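Structure in structure tokens, see below.
The values are calculated or read from the model by the stated rules, or taken from the named source; none is laboratory data. All values derive from a computational prediction rather than experimental measurement. With ideal geometry, Cβ positions are generated from the backbone for all residues, glycine too; neighbour counts draw on all protein chains shown. All accessible areas refer to the heavy atoms of the entire protein, side chains included, with ligands and DNA or RNA removed. Shrake-Rupley method; radii C 1.70, N 1.55, O 1.52, S 1.80 Å.
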Amino acid sequence: MQLSAALTALIAALISACAQLELESPPAPPSIQAPADFPAASYAQAAAQGQRVLQVDPRSSRVVITVRRGGTLAKLGHDHVVAAQELQGLVAPELGRADLYLALDSLSVDDSDLRAQAGFDTQPGAADIAATRANMLGKVLQTQQFPFALIQVRSAAALASDALLAVDITLHGVKRSFSVPARVETNRKGLQVSGMLAFDQSSFGITPFSILGGAIQVQDRLVLHFDVQAIESAGRSQLP
């Protein structure tokens, strides 16, 4: 009887501890050091002059890239979903300007929910996912040499309820310019911008990953969907 009572008390204690853990707020995402040339000072100056400056909220922002398989033996490979949920940056809406950065080592690969949303009918195993991510970061993106993707919005032209963004993207040490249609919406938190961009890896000097002499390979063309939430900063001291 004493043993039974002790086990019951232990189980009750464990259940109580689990309940408390579930009620706790999730930890804040790790802070990522901004690139050395990130123009935080320009935004601090704009804020000091009375311009509205918003800060990208990584918790509510997401970039998802669809990576398709190719080659004569493509059926033996997998399509992939690469996601970024650590996007950082600043936005000056009235100036039509934004500067964002993404630490490429924070990219995730083949989240099961995102694969389902993309309509993929296969699910790679954990070892395959780990190998895909290692190849992407090491051999393809070479993140030791090029740790960040940089996104600069130079201007935003109104198109009815939408906008056409003039965007510079620097990836793998190469800068390219794009005109990107986007939906821009104001909400109680600040500003939300969403849209899609298709581009070729090779335009950034990146060689798409391939094996078996190209019989299994990653297609050059990538499709990127973005949904970025920018919120009011608590103060200029919060600017990176």
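Within region 171-211, restricting attention to residues that are among the hydroxyl-bearing types (Ser, Thr, Tyr), farther than 15 Å from Val63 by Cβ and in a strand (DSSP E or B), which residue is modelled with the lowest pLDDT?
Ser210
Gly119 is checked against (1) under 29 Å from Gln55 (Cα atoms); (2) surrounded by fewer than 18 Cβ atoms within 10 Å (Cβ to Cβ) and fails just one. What number does that condition carry?
So the condition that Gly119 fails would be (1).
Does Arg52 count as part of a strand (DSSP E or B), open to solvent by 70 Å² or more (accessible area, probe 1.4 Å) and modelled with pLDDT under 95?
Answer is no for this residue.
Same structure, new question: Would you check which residues across region 193-230 are open to solvent by less than 50 Å² (accessible area, probe 1.4 Å), closer than 30 Å to Arg52 by Cα, in contact (Cβ under 8 Å) with a residue 60 or more places away in the chain and not aliphatic (A, V, I, L, M) and list them?
Phe226, Gln229
Within region 72-131, considering only strands (runs of 3 or more DSSP E) that don't extend past its boundaries, which have at least 1 residues that are in contact (Cβ under 8 Å) with a residue 24 or more places away in the chain and out of contact with any Leu (no Cβ under 8 Å at 6 or more places or on another chain)?
Here the list reads 80-84, 97-103.
When you look at Leu114, is it closer than 19 Å to Leu197 by Cα, out of contact with any helix residue (DSSP H, G or I) (no Cβ under 9 Å at 6 or more places or on another chain), at pLDDT 95 or above and of a type in the set (A, V, I, L, M, F, W, C), yes or no?
Spelling it out, it is not the case that Leu114 is closer than 19 Å to Leu197 by Cα, out of contact with any helix residue (DSSP H, G or I) (no Cβ under 9 Å at 6 or more places or on another chain), at pLDDT 95 or above and of a type in the set (A, V, I, L, M, F, W, C).
Would you please name the residue that is most open to solvent (accessible area, probe 1.4 Å), looking only at residues in region 155-183 that are more than 21 Å from Gln229 (Cβ to Cβ) and charged (D, E, K, R)?
Lys175
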